[in-house]
Amino acid sequence: MPETNLTSNLHLLLPEFLLATLAFAVFAIDLLLPANRKKLLAWVSVAGLIGLLALALALLWGENEEMYGGLIKVDSYALFFKSFFILLGIFIILSSVDYVGKHLSHPGEYYGLILFSVLAMNVMAASREILTAYVALELMSFSFYIMVSYARYNPRSNEAGIKYVLIGAFSSAILLFGISMLYSTIGVTHFADISATLANAGDASPALWVGLALILVGLGFKVAAVPFHMWAPDVYQGAPLPVTAYLAVGSKAAAFALMLRLFAEAFMPSIDDWQIIVAIIAAITMTVGNLVAIAQHNIKRLLAYSSIGQVGFLLVGIAALSETSPLASNGVMLHIVGYSFTNLAVFVGIIAFFNMTGKEEIADFSGLADRHPFLAAAMAIGMFSLAGLPFFAGFTTKFYLFTAAANEGLLWLAGLAIVNSLISLYYYQVEIRHMYIQPAPDMEGKLEPASAHNPHPPPVGGGAEDASRHSPTPLIIGVLILMVLGTFFVGVYPFPIVEALDAATSAILPGAGS
Amino acid sequence: MAFQEVIFWVLAVSSVAAALGVVLLRDIFRAALLLVVVFLAVAGFFVMMNAEFLAVVQVLIYAGAIAILIIFAIMLTREVQQGNLPNRLQPAAVLFPVLLLAALVFVAVDTDWNLLQDQSRELQDNVEVVQTHTIGGIPDEMRGDIPGSDRSGLGELLINDFVLPFEIASMLLLAAIIGALVLVRER
C-alpha cells in the first residue's frame, strides 16, 4: 500500500483541524468566563469562523486532491460546501446570541456543538467513502440530538430530543444495514469503486438493490422525506428556535451535499433503476408536505412541513441528475443556497418575534406589520421566496430544478412541482395576511409595566432582557438584512454563484461540462 | 453433520429463541438477560466466520458493558412498565415489519452469494480499484495477502487509511459526553 503520501498533503485538512481547535478553545474559554460574560464565546466562534473561511478560500482554491487513499477529496465541490457551511454557522451563531442569553443555559457547549456540527458537515461534503460519510453524518446528528433537547426545562424540547434520538438511531441502523448489504455484495466502499462495480454489474443481485434501497430510506429519514418524515414537525416545534432554523437549513443542506456526491459519483451508472424511485419519493414528499402545511397553526410546525416540501423539490434535482448535464446538480446546490437565505430570513424574523413576545402561534403574528414593519417585511419576503415568486431566490432556484427535471424527461414531476409551489403560496399568504391585514390582538406592550422600558438601545442580548421586549436588537436586524439581501441576490443576479456551482459540479460529474 | 454445522445450529436456534424471548417476555429484566444470550450467540457467529476480533469486541462491549448498562437502567427506574401498552397502530406495526422481513428473507435466499464473491474478485483483478484494503468479508484463499483480515492489519488500517473516520468517531464520542453533561447537570 502507498504509505508515503498519507501525510504529504495534510495541510489540505488545516481548516478542519483548526475548526476542531476552535471548538475546544470555546469549551476552554467557557470555563474561565464569569456567567455574565458568556456572550464573548459567540464572538470568539464567529471571529474564528470568519478567519477559517478566509483561510479555506485562500488555501484550497483550485485544489483537486484526494487524501487517505481516496477517503475524502478536497475539490471545488468540497470547498463550495465548506464555505457555505462556515457561513451558515456564522449566521446561526449570530441569530442565536439573544435567544441563548435569554432562554438557554450552558452557552459554551451550545456554540461548541455548533462548531462540531459545522466540522461534520464539511467532512460529509468532502468524503468519497461511504463509511467516512456515515461517521461524519453521525457526528452531525449527535450534535443536533443535544441541541434539540437543549431547553431542558421545557417538556416539548425534551420530547423532541427523545423522538429525534430514537428516530435518528433507527434511521442510522437502516442506513448501516444498507451499507453492509452493499459491502457484502460488491466488497467495496469507495464511491469510485462502487461506480465501477455498478457499471460492470449487469444483472446485479437483489441484495445489492435492497442495499441501495435501504441506504435511500436511511438518508430519507435524515432529510425527512415522506414517508419518513413523521418526526420532523414534533422535533421542529420542540427544539429551541435557532436550533430549529439550523436543523431546517444545515442538516438538510449537509445531507443533500452527501447525497448529491453519493448519487453522482457512486450510484450514477445504475440511474435507470433508482431514478423513478427517487422521483416518486420526491413527488409524494412535496405533495404531502405542502398539503399538510395548510392545516398548521404553529409557525414552527408550518415551517417543518414547508421544509418537507422543499426536500421534495431537492429530490426532484437528485432524480434529474445526469452524467452529461450540470443542470440538475447545479439546481440542487443553488436551491440549497437560496433556500438557506430564504428560510433563515423567515426564521430569524420568528426568533426576533419570539425574543420580544415569547409566542409562536401563527395567529400571534397578527398586526405585526404595524408594530414592526421591517420584521414583517423581511418575513414576507422570505415567504414569497419560499413560494417561488419571481425576483426572489425561490423562483430562480426552482426554475433551475424544474428545467433540469423537464430536460431529463421527468415532465410530470416538473408539472407536479409547479402545482405544489402554487399550493405553498396559499399557506404562506395566510401568514402574510395575519401580519399585514389582521388587526393586532392589542395586548403586547400594554401589559408590560412602563418602567421596564429602557430608552437606550440594548447592548445585544441577555443582559438587556426588558428592553429587547419592545424592539428587535440591532444584531438580529443586521442578520435579517443580510438574509433579505441574499434572497434578492440569488433571485436577481445568481451568476457569480452559478459560476462556483459549475466548478463544483465538474468535480463530482466530470462528464457534465457546461 | 460436520462439527461446525452442529455448532451453527446450536447458535442459530439459541439466538433466535432468545431474541423472541426479548420481544415477547413481559418482564423487562428477564428480557434484558436474554439479550445477553443473543449477544453471546452473535459473538459465536463471528468466531465461526473467522472474525475473532469482532467476537471479542462483541463480548466485551455488548455482552459486557451494554448489557450491564441496561440492567442498571432497569434497576434505577422506579416504575418499570410491564410490557407495551396497545395502541391503534398495532396492526400496521405488525404488517410492515412482516413485509420487510419477507422481502429480506426473499433477498437472502434469492441472492447467489457465491457468484457475487467471484464477481467482486474478478472486479478486483480487472478493474483498477482505488480501495486497497477491506475489513472482513474476504474469501478464505485471499486471507493473509491482505492486511485487514487479521487483528494487526485492522489496527494498522485504523491508524493509516481510516485514521480520518477514526478521529471523527472520537469527536463523536466527545460530543456525546458533552451532551450527557449538559443535559444532566443543574444550571
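Figure note: A:Arg433, A:Arg128, A:Arg371, B:Arg30 ranked by solvent-accessible area, largest first, 1.4 Å probe, ligands and nucleic acids not counted: B:Arg30, A:Arg433, A:Arg371, A:Arg128. Heavy-atom surface analysis with a 1.4 Å probe gives the protein assembly as shown a carbon and sulfur content of 68 percent of its accessible area. For the pair A:Met230 and B:Asn87, label points projected 7 Å from Cα toward Cβ lie 0.8 nm apart. Here the stretch A:137-286 is treated as an ellipsoid with the same Cα gyration tensor; its semi-axes, largest first and in whole Å, are 32, 14, 13. Let's test the formula: R0 of 25 Å, r as the Cβ-Cβ distance of A:Asp273 and B:Val94. What FRET efficiency results, to the nearest 0.05? So the FRET efficiency works out to roughly 0.25. The 1.4 Å probe gives accessible areas that order A:Tyr305, A:Tyr153, largest first, as A:Tyr153, A:Tyr305. By how many degrees, 0 to 90 and rounded to 10, does the Cα axis of helix A:39-60 deviate from the longest principal axis of chain A? The helix A:39-60 is inclined about 30 degrees to chain A. Convex hull volume of the C-alpha atoms in the stretch B:1-82, normalised per residue: 68 Å³. For A:Asn298, nonlocal amide neighbours, meaning residues 5 or more places apart or on other chains whose placed amide H falls under 5 Å from its own, are A:Ile362.
Largest accessible area first, the residues A:Trp61, A:Trp43 order themselves as A:Trp61, A:Trp43 under a 1.4 Å probe with ligands, DNA and RNA left out. A 1.4 Å probe, protein heavy atoms only, puts the accessible area of A:His297 near 140 Å². For the stretch A:498-510, putting each phi into the Karplus relation 6.51 cos²θ - 1.76 cosθ + 1.60 with θ = phi - 60° gives couplings of 4, 4, 4, 5, 4, 4, 5, 5, 5, 6, 9, 10, x Hz, in residue order, rounded to whole numbers and with x for Gly and Pro. For the stretch A:388-400, 3J(HN,Hα) computed residue by residue from phi via the Karplus equation (6.51, -1.76, 1.60; θ = phi - 60°) reads x, 7, x, 6, 10, 4, x, 5, 4, 5, 5, 4, 4 Hz, glycine and proline entered as x.
If you plug the beta carbon distance of B:Arg30 and B:Leu158 into 1/(1 + (r/R0)^6) with R0 = 30 Å, you get a FRET efficiency near 0.20.
Close amide H partners of A:Ile72, meaning residues 5 or more places away or on another chain with modelled amide H under 5 Å apart, are A:Met67, A:Arg128. Over 20 Å apart at the Cα level, from the set A:Lys39/A:Lys163; A:Lys38/A:Lys300; A:Lys163/A:Lys222; A:Lys102/A:Lys252, are A:Lys39/A:Lys163; A:Lys38/A:Lys300; A:Lys102/A:Lys252. Let me know the whole percent of all Cα-Cα pairs from the stretch A:1-122 that are separated by more than 23 Å. Counting pairs separated by more than 23 Å, the tail of P(r) holds 36 percent. Summary value for the stretch A:180-330: 26 percent relative contact order, contacts being C-alpha pairs under 8 angstrom separated by 6+ residues. Based on every Cα atom in the stretch A:230-303, Rg and the maximum pairwise Cα distance Dmax equal 15.2, 45 Å.
Express the relative contact order of chain A as a whole percentage, based on alpha carbon pairs under 8 Å and six or more residues apart in sequence. 15 percent.
Counting Cβ atoms of other protein chains within 10 Å of each Cβ in A:141-154 and taking the mean gives 3.
Roughly how much of A:Ile271 is accessible, in Å² to the nearest 10, using a 1.4 Å probe? Roll a 1.4 Å probe over it and A:Ile271 shows about 30 Å².
The calculated FRET efficiency for the pair B:Leu101 and B:Leu20, based on their C-beta separation and a Förster distance of 22 Å, comes to about 0.95.
Rolled with a 1.4 Å probe across the full set of protein chains, the surface gives A:Glu323 an accessible area near 110 Å².
Maximal additional length on extending the A:Lys102-A:Phe374 stretch stands at 95.7 nm, based on 0.36 nm per residue less the C-alpha distance.
Counting only Cα atoms, the size of chain A along its three principal axes is 76, 53, 41 Å, in decreasing order.
The values are calculated or read from the model by the stated rules, or taken from the named source; none is laboratory data. A quick note: this is a predicted structure, and the numbers were derived from the prediction, not measured. Neighbour counts run over all protein chains shown; Cβ positions are idealised from the backbone, glycine included. The accessibility values were calculated without ligands, DNA or RNA, using every heavy atom of the protein model including side chains. Shrake-Rupley method; radii C 1.70, N 1.55, O 1.52, S 1.80 Å.
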